[in-house]
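To keep things clear, I will list the structure first and then write my remarks on it.
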Amino acid sequence: MVGEKTQDKAIGISKGGRNTKIHALVDGLGNPIFFMLSPGNEHDSKHAIPLLKQINIKGSNILGDKAYGAQAIRDYILSQEATYTIPPQSNCTAPWLVDWHTYKERHLVECFFQQIKWFRRVFTRFDKLDTSFLAFVYIAATMVLLK
């Protein structure tokens, strides 16, 4: 029974205190497709491939920020017959070309996060368990879609 108190709680301790990251997939219009939670002290790229495995990305163009520029993620996207628009990190030894015009469309996911964080229960995480918190994230996303 070791670790039972932290089971089903994606809460990590970082510089800002205890927090949870919400990873989201949105379509080309900014509509939510899938969500995943992770502790705040884990890197974003660790959850990218499990998140992308939830949908069929064949023929899609995946947009992501620099945190998702790992070779394993880019290889997975290409293996699924999709393309990516992810800028390389500044310390990358072999940078790749990026279509910056297409990359500007990534603002849709940031706008979506801003809209779901209007819900106080999302940005403060009152819920103790991941299941109840994620359920409310889906409710908030539904409310955003119905606007």
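Once semi-axes √(5λ) of the Cα gyration tensor in Å is worked out from the coordinates, which option in (i) 27, 19, 14; (ii) 37, 15, 13; (iii) 24, 20, 13 does it equal? Among (i) 27, 19, 14; (ii) 37, 15, 13; (iii) 24, 20, 13, the one derived from this structure is (i). Amide H contacts of L63: T85, each under 5 Å away and 5 or more positions distant or on a separate chain (H built 1.01 Å from N in the peptide plane; Pro and chain starts excluded).
Helix-only arithmetic for the chain: the sum of -39500 (n - 2.57) across DSSP H runs with n ≥ 4, divided by the residue total, places the mean residue ellipticity at 222 nm at -9500 deg cm²/dmol. The lysine pair count for the chain, using Cα distances under 17 Å and pairs eight or more places apart or on different chains, is 10. For H101 and L146, the FRET efficiency from 1/(1 + (r/R0)^6), where r spans their Cβ atoms and R0 equals 30 Å, is about 0.45. Of the accessible area of the stretch 68-137, with the probe set at 1.4 angstrom, what percent is carbon plus sulfur? On the stretch 68-137, the fraction of accessible area on carbon and sulfur atoms equals 57 percent.
Sequence-distant contacts, meaning Cα pairs under 8 Å at least 6 residues apart, place the relative contact order of the chain at 20 percent.
For the stretch 22-30, 3J(HN,Hα) computed residue by residue from phi via the Karplus equation (6.51, -1.76, 1.60; θ = phi - 60°) reads 9, 9, 9, 10, 10, 7, x, 9, x Hz, glycine and proline entered as x.
For the chain, the per residue solvent-accessible surface stands at 65 Å², with DNA, RNA and ligands left out and a 1.4 Å probe.
Database remark: amide H of F34 closer than 5 angstrom to the amide H of L25 (H placed geometrically; neighbours at sequence offset of 5 or more, or on other chains; Pro and chain starts carry no H). Length available on full extension from T83 to R18: 0.36 nm per residue minus the Cα-Cα distance, which gives 19.9 nm.
The values are calculated or read from the model by the stated rules, or taken from the named source; none is laboratory data. If you're wondering where the values come from, they're calculated on a predicted model, not measured in any experiment. When we count neighbours, we look across all protein chains shown, and the Cβ atoms used for this are built from the backbone with ideal geometry, even at glycine. Remember, those area values only see protein heavy atoms, side chains included, never the ligands or the DNA or RNA. Shrake-Rupley method; radii C 1.70, N 1.55, O 1.52, S 1.80 Å.
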